[in-house]
There are 2 protein chains.
Amino acid sequence: MVQITTGETLPFDYLTVATGATPRLPSVTGQDLEGIFCLRNVTDAIRLKSFIRQRNARRAVIVGAGLISLEVCEAFRRLGLETTVIYRRDLPLRRLGKDFAEQIVMELESNGANFLGDTGLESFEPTSSGAIIVHTSNGSLESDLVLIGIGVVPEVSLASEAGIELGPTGAIVVNEYMRTNFPFIYAAGDCCECFHRISRKPVYAPLGDIANKQGRIAGANIGGQNVLFPGIVGSLCFKVFDLEVASTGLTLEEAEKVGFKADSVTIQGVSKAHSYPGSRELQIRLVTDTESGRILGAQSVGGDGVVSRINALAVALTGGLSIEELAYMDLAYAPPFSGAWDPIHIAAQQLLK
Amino acid sequence: MVQITTGETLPFDYLTVATGATPRLPSVTGQDLEGIFCLRNVTDAIRLKSFIRQRNARRAVIVGAGLISLEVCEAFRRLGLETTVIYRRDLPLRRLGKDFAEQIVMELESNGANFLGDTGLESFEPTSSGAIIVHTSNGSLESDLVLIGIGVVPEVSLASEAGIELGPTGAIVVNEYMRTNFPFIYAAGDCCECFHRISRKPVYAPLGDIANKQGRIAGANIGGQNVLFPGIVGSLCFKVFDLEVASTGLTLEEAEKVGFKADSVTIQGVSKAHSYPGSRELQIRLVTDTESGRILGAQSVGGDGVVSRINALAVALTGGLSIEELAYMDLAYAPPFSGAWDPIHIAAQQLLK
């Protein structure tokens, strides 16, 4: 039985918990000031845009440097805002490696945004003119608005009170059918965990495409089908200004942490044939299991063709393919799309040496 | 021992036959006239370009409608030539299906090229002004130049005289090590056959990326390594004007011909998220083995993102993945690159119904 805010109770045969996630907040003085925003849904976006217009905002500070923060940084620069990203760690997307993370910072800076690494948020203070002073471990900044993008936490208070089991990530534990510890209660989306097929561990991966798949599977099973969610391989991508960034599977560090003896190689390639107009540089890092030769992960940054390579490699991860297979993989070749040796081949050939 | 044209003989421990392929010629009257070209190498391209410039050519006829012909058609149009493609069959790239082939014709026509299907070449006749009359089964055309692009034949005369075995395709038979029927004679590239991993048959696939791989493998084995060429899955792609066309594995017709009980589905998708600027339409056709659910092939046409999807599917073919795996494949998602449900998911989900 579910009790809703009107006081009514609703009976059920099956229940699906799809409570999503809520933005993480920094717990500092002044975080409720007007002009401080999170961006979680369309309403948030509309509020943020109208604030910028109505106040004729010219300066923005973004707290955090994840995917949402960096995408918003691009949007702010396109609106002409002077934009500073502050981040408690040295570099954004640090798990992709220092070299790739530095390219992201260069992309921000070459598009007129400021990046302040190793900078912790301390508090917010209002000014008499309606601006906000952002106090950090690295000095103070005055801004017309602040976006907080430091991640989300699964919204599990209701589930937890009802006795639904939470996992080590703090999100709801589900099996392959998206069923919780109660046989008639399912969960799907950003409130629950995922099985990572490469690390073989539960992870928290609150991404829209995964939520969509989980919702469909929960619904199919409730509707009497028998559909399994095979889990994820950890694929993600984003675009910031003219840089594509994408990743699938494990980084070398992550692979070693879960017990693999792993190798990696990083190569410089181009998105199209060298001779073809508009070819852009890209880098691919491949991570492989030293014993089996199986691919464990890949990370890539570059001007173009990054996401398409990572998707091919995500399929290779799903299929458990080896570096040998990748080194001679029959990818479709024509000069507008790649060289005769694609960056994927080049990286895999390097690992075979 | 190899005898060369100077009369010298060269001894060898290992020999590699890399004689490539030569353009197929139509065997019609007048095919040696000045102004009639094939396009096989850089010298051919330079000769063709200087002829166009020197003669101030304004009209071109292309005989054949394969990848090279269509790419040259685009190049001719960019040079401002009035261009007509004549083809003995009704539509170009007919194996990809009538619907996809018709889109290719529409793309040619919307870019000002003429396509004449069901039109056989009969002969060439010179005019007094130095032009060429192209006589066809469908009337005669006057042109300043003609490009013949009706495919290539493996150059195997030397190999054949030496007793090297040729296969059913007319090209040299090689094993996984790229070795011919003589233990010390290897062959690689457009003069030899390939093993098609899906049809499990030898095929003739004279493509640059395959030749590169075969050459590397022959060299590695001669050098004492032990490297196998796993074969191809039949991937190819090209761009013609603003249309991307790509294919991997078998079409439904081909799958049935080699004995599979197969199904297929064709879906309409978009290259990026619907809401994202610059998203273009694309279609994907997936072919699947009805019994095992394994993917057998895919074909795609569209404005953008076609080749990246086909490459992901080429990897899926190589890994022997099923439609179930594709339907919930963890591809990297962000709106500049796809919807939360990628066209690959949508096609695979359709086949699961």
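The values are calculated or read from the model by the stated rules, or taken from the named source; none is laboratory data. None of the values given here were measured: they were computed from a predicted structure. Ideal geometry is used to build each Cβ from the backbone, glycine not excepted, and the neighbour counts take in all protein chains shown.
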Here's a check for you: in the stretch B:196-205, which residue that is without any contact (Cβ under 8 Å) to a residue 60 or more places away in the chain and within 11 Å of chain A (Cβ to nearest Cβ) is farthest from B:Arg78 (Cα to Cα)? B:His196
Exactly one of these conditions fails for B:Ser110: (1) more than 26 Å from B:Thr266 (Cα to Cα); (2) more than 19 Å from the chain's Cα centre (by Cα). Give me its number. (1)
Any idea how many residues of the stretch B:80-97 are under 15 Å from B:Ala65 (Cβ atoms) and free of Cβ contacts under 8 Å to residues at least 24 places away in the same chain? 1
Would you point out the residue of the stretch A:324-337, among those that are touching a residue at least 40 places away in the same chain (Cβ under 8 Å) and more than 8 Å from every other protein chain (Cβ to nearest Cβ), that is nearest to A:Leu286 (Cα to Cα)? A:Leu326
All positions within the stretch A:280-293 that are within 14 Å of another protein chain (Cβ to nearest Cβ) and either under 18 Å from A:Leu96 (Cα atoms) or free of Cβ contacts under 8 Å to residues at least 24 places away in the same chain (or both): A:Leu282, A:Ile284, A:Leu286
Could you tell me which residue of the stretch B:206-264 is farthest from the other protein chains (Cβ to nearest Cβ), considering only residues that are assigned to a loop (DSSP other than H, G, I, E, B) and of a type in the set (S, T, N, Q)? B:Thr251
Which number in (1) crowded, with 17+ Cβ neighbours inside 10 Å; (2) free of Cβ contacts under 8 Å to residues at least 12 places away in the same chain marks the one condition that A:Ala45 misses? (1)
Residue ID - farthest from the chain's Cα centre (by Cα), chosen from residues in the stretch A:130-159 that are among the acidic types (Asp, Glu) and not in a strand (DSSP E or B): A:Asp144
Only one of B:Leu331, B:Leu321, B:Leu282, B:Leu286 is within 26 Å of the chain's Cα centre (by Cα) and surrounded by 24 or more Cβ atoms within 10 Å (Cβ to Cβ), namely B:Leu286
Scanning the stretch A:211-235 for residues that are buried (at least 22 other Cβ atoms within 10 Å of the Cβ) and in contact (Cβ under 8 Å) with a residue 60 or more places away in the chain, which turns out farthest from A:Lys98 (Cα to Cα)? A:Ala218
With the requirement that a residue be closer than 23 Å to B:Leu331 by Cβ, in contact with a Gly (Cβ under 6 Å, 6 or more places away or on another chain) and not in a loop (DSSP other than H, G, I, E, B), what does the stretch A:265-282 give you? A:Leu282
Any residue that is touching a Gly at 6+ places or on another chain (Cβ under 6 Å), surrounded by fewer than 23 Cβ atoms within 10 Å (Cβ to Cβ) and free of Cβ contacts under 8 Å to residues at least 60 places away in the same chain - is there at least one of those in the stretch A:163-175? yes
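Condition check ((1) within 21 Å of B:Leu25 (Cβ to Cβ); (2) assigned by TED's automatic domain parsing to the domain that holds B:Arg285; (3) surrounded by 16 or more Cβ atoms within 10 Å (Cβ to Cβ); (4) touching a residue at least 12 places away in the same chain (Cβ under 8 Å)) across all residues:
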position: B:Arg78; (1), (2), (3), (4): no, no, no, no
position: B:Asp99; (1), (2), (3), (4): no, no, no, yes
position: B:Glu102; (1), (2), (3), (4): no, no, no, no
position: B:Glu107; (1), (2), (3), (4): no, no, yes, yes
position: B:Phe115; (1), (2), (3), (4): no, no, yes, yes
position: B:Ser123; (1), (2), (3), (4): yes, no, no, yes
position: B:Gly130; (1), (2), (3), (4): no, no, no, yes
position: B:Ser137; (1), (2), (3), (4): yes, no, no, yes
Identify all residues within the stretch A:296-323 that are more than 8 Å from chain B (Cβ to nearest Cβ) and more than 18 Å from A:Phe100 (Cβ to Cβ); write none if there are none. A:Leu317, A:Ser322, A:Ile323
What is the one condition in (1) touching a Pro at 6+ places or on another chain (Cβ under 8 Å); (2) crowded, with 19+ Cβ neighbours inside 10 Å; (3) over 23 Å from B:Val245 (Cα atoms) that B:Val63 does not satisfy? (3)
